[in-house]
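K.L.:
I am attaching a structure below and will ask some questions about it afterwards.
The values are calculated or read from the model by the stated rules, or taken from the named source; none is laboratory data. Given the structure is predicted, the values throughout are model-derived calculations rather than measurements. Counting neighbours? That spans all protein chains shown, and the Cβs are built from the backbone with ideal geometry, glycine included. Please note that ligands, DNA and RNA were not included when accessible areas were found on the heavy atoms of the full protein model with its side chains. Shrake-Rupley method; radii C 1.70, N 1.55, O 1.52, S 1.80 Å.
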Amino acid sequence: MGRIGQVVMLHHAGDREEARQRFLQLWAEIGEDGAPLHRCTLAHYLADTQDDPSDELAWDLRALTAAEELSDDRLAEHEGTLAVRALYPSLHLNLAADYARLGRSDAARAHLRLARGAADALGDDGYGDGVRAAIGRLELTLGDGGSGGSGGSGGSGGDSPGGGSWGPPPQHRP
């Protein structure tokens, strides 16, 4: 986790390409069978370094798959980590934004509803407030308001290439 954190700092400092290469090296080390927490975290951040929205979606799907393998007991072994339930709002929010960018508004709305439904696991803090606000922004963009209305798919995620305001602040990704 320490090495992942170092690359995250590199990415946040603006060196996205170098961060992507280092994340990919770490992914090669831990592999598809590595610890779920490491795979979840790494895939979650790797998604942010992708140029192609389809590639970003693929990494965010890997993050969700790894999160589903986690248990609260396993997370408790890692100091400073969130409970498993607290990962899901951000994971589903990122997937909703990915699908929206790809013009797949039904899939975007489905993940947005999952993000909203999981938001009760978020704390009353800056991270929780940021994720809830990002869910609300994407609901407005999709014309969803939590009820499945119609809407567009343009725009870009808050921590994806090109900026935007859908996702939570990058420093808050699990």
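K.L.:
By per-residue mean of other Cβ atoms within 10 Å, what is the highest-first order of 95-101, 133-139, 17-23? Can you show the working numbers first?
P.N.:
Details: 95-101: 27.4, 133-139: 21.4, 17-23: 17.3.
For the peptides 95-101, 133-139, 17-23, the packing ranking is 95-101, 133-139, 17-23.
K.L.:
Quantify, in whole percent, the carbon and sulfur part of the accessible surface of segment 10-58 (1.4 Å probe; protein heavy atoms only).
P.N.:
Working: 970 of 2160 Å².
Answer for segment 10-58 is 45 percent, counting heavy atoms of protein chains only.
K.L.:
If you don't mind, there's one more thing I want to ask. For a quick protection proxy, order the peptides 117-126, 102-111 by their average other-Cβ count within 10 Å, most packed first. Intermediate results must be reported in sequence, preceding the final value.
P.N.:
On the way: 117-126: 14.1, 102-111: 17.6.
In decreasing order of mean packing, 117-126, 102-111 become 102-111, 117-126.
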